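Contents: one structure, followed by commentary.
The values are calculated or read from the model by the stated rules, or taken from the named source; none is laboratory data. Just so we're clear, the structure is a prediction, and the values are computed from it rather than from any experiment. Because the Cβ atoms are built from the backbone with ideal geometry, glycine has one as well, and the counts that use them run over all protein chains shown.
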Amino acid sequence: MKKKFSLLLVAVLMFSVVLTACGGNGADVGNDNNGEDTSTLQKIEDSGKIVLGTSADYPPFEFHAMIDGKDEIVGFDIEIAKYIAEELGVELVIQDMDFDKLLGGLSTGMLDIVIAGMNPDPERDANFTDIYYEANLSVLVPKARASEFTKVEDLDGKSIGAQIGTVQEEIARETIKDSDVKALATNSDIVMNLKTNKIDSALMETPVATSYAAVNDDLMVIEDFVIDSGTGGVSIAVKTGDDELTEKLNEILEDIKSQGLIEQWFIEANELVNNSI
């Protein structure tokens with residue numbers, strides 16, 4: 001009798017394992033309250049909110065500003081996120097994080113989307129939408145030392161600040177000869193290190209470098225030092241395999257572009273920068 005019971009128990013356990021394996025673990029599904037699979041887009045609609053991950057130290061894309069006496073995260077990317085939330089009929093919830101933590105937030109499901117001036121690097125573990133803005137890289141230096149930098153080769157052997165986890169960091173390490181790369185968490189940290197002569201230069205997206213130079217009289221962007229990022233621009237990131245949400249976001253981005261809102265929001269964000277950094 002004991003032997004028969006043991007065999008029955010083994011059979012039940014094996015059947016349970018098979019059922020678990022058949023459940024799958026697709027990247028774009030979660031579970032609703034009834035334990036049924038649901039897509040990320042459906043989860044957003046059911047919860048009535050979309051959780052945005054960003055790193056708000058990247059003007060004019062995203063940065064902190066005092067609006068009517070209140071500290072708010074604003075910028076070009078934030079306007080895109082607001083439009084997406086409005087189109088989906090949900091509330092926008094913003095999570096401000098270090099840049100190198102954003103994709104981890106996507107993979108764990110803590111974030112629904114990432115809009116943070118992020119390049120669609122194929123080595124990054126994420127789905128990327130169509131490119132919504134094209135930008136190259138520039139070099140930011142102390143104005144008093146500008147005469148030291150007349151050609152790209154003058155960066156060789158110099159210390160270069162770059163935000164950790166970015167394409168800028170990768171390019172600085174791989175293309176600048178004998179570079180001493182200081183990878184820091186935020187662009188604000190990079191600017192502070194530059195102003196206190198702890199680093200010689202900084203590599204940033206051109207509009208970001210220009211924004212910091214505009215509000216720091218002792219810094220400047222080196223003219224003609226435009227470096228191709230090799231990525232073609234910036235995109236929205238979603239969880240790997242989340243094709244349904246990716247396609248929906250592409251539809252919304254196309255609508256934004258067709259209305260000329262990209263250019264409008266970029267101009268408005270730049271106007272905010274001068275009083276906010």
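A few comments on the model shown:
- The criterion of at least 3 residues that are surrounded by 10 or more Cβ atoms within 10 Å (Cβ to Cβ) and modelled with pLDDT under 95 is met, among strands (runs of 3 or more DSSP E) falling completely within segment 1-100, by 29-31, 37-39, 62-67.
- Any hit, segment 183-194, residues being in contact (Cβ under 8 Å) with a residue 60 or more places away in the chain and hydroxyl-bearing (Ser, Thr, Tyr): yes
- Sole residue being farther than 18 Å from Leu249 by Cβ, in a loop (DSSP other than H, G, I, E, B), in contact (Cβ under 8 Å) with a residue 40 or more places away in the chain and not assigned by TED's automatic domain parsing to the domain that holds Thr54, chosen from Gly165, Gly157, Gly161: Gly165
- Boolean, Thr246 is assigned by TED's automatic domain parsing to the domain that holds Tyr83 and part of a loop (DSSP other than H, G, I, E, B): no
- Evaluating Thr186 against the criteria (1) assigned by TED's automatic domain parsing to the domain that holds Arg124; (2) closer than 24 Å to Ala65 by Cα leaves one unmet condition, (1).
Residue-by-condition table, conditions (1) surrounded by fewer than 21 Cβ atoms within 10 Å (Cβ to Cβ); (2) out of contact with any helix residue (DSSP H, G or I) (no Cβ under 9 Å at 6 or more places or on another chain):
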| site | (1), (2) |
| --- | --- |
| Glu148 | yes, no |
| Asp154 | yes, no |
| Ile160 | no, no |
| Glu174 | yes, yes |
| Asn187 | no, no |
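- Within segment 262-274, residues that are closer than 12 Å to Ile78 by Cα have Cβ atoms under 6 Å from residues that are charged (D, E, K, R) in these pairs: Trp265/Glu79, counting only partners at least 6 apart in sequence or on another chain.
- Against the list (1) out of contact with any Phe, Trp or Tyr (no Cβ under 9 Å at 6 or more places or on another chain); (2) in a strand (DSSP E or B), the condition Lys198 fails is (2).
- Filter result (closer than 17 Å to Leu41 by Cβ and among the hydrophobic types (A, V, I, L, M, F, W, C)) within segment 92-109: Leu92, Val93, Leu106
- Taken as a whole, the structure places Asp217 among residues that are among the charged types (D, E, K, R) and in a loop (DSSP other than H, G, I, E, B).
- Complete set of residues in segment 204-231 that are hydrophobic (A, V, I, L, M, F, W, C), farther than 20 Å from Glu148 by Cα and surrounded by fewer than 20 Cβ atoms within 10 Å (Cβ to Cβ): Ala214, Val215
- Residue in segment 173-183 that is of a type outside the set (D, E, K, R), more than 28 Å from Asn250 (Cα to Cα) and modelled with pLDDT of 90 or more present: yes
- For Ser211: the one exception among (1) out of contact with any Asp or Glu (no Cβ under 7 Å at 6 or more places or on another chain); (2) touching a residue at least 12 places away in the same chain (Cβ under 8 Å); (3) assigned by TED's automatic domain parsing to the domain that holds Ile80: (3)
- Residue tally, condition hydroxyl-bearing (Ser, Thr, Tyr) and touching an Asp or Glu at 6+ places or on another chain (Cβ under 8 Å), over segment 110-138: 1
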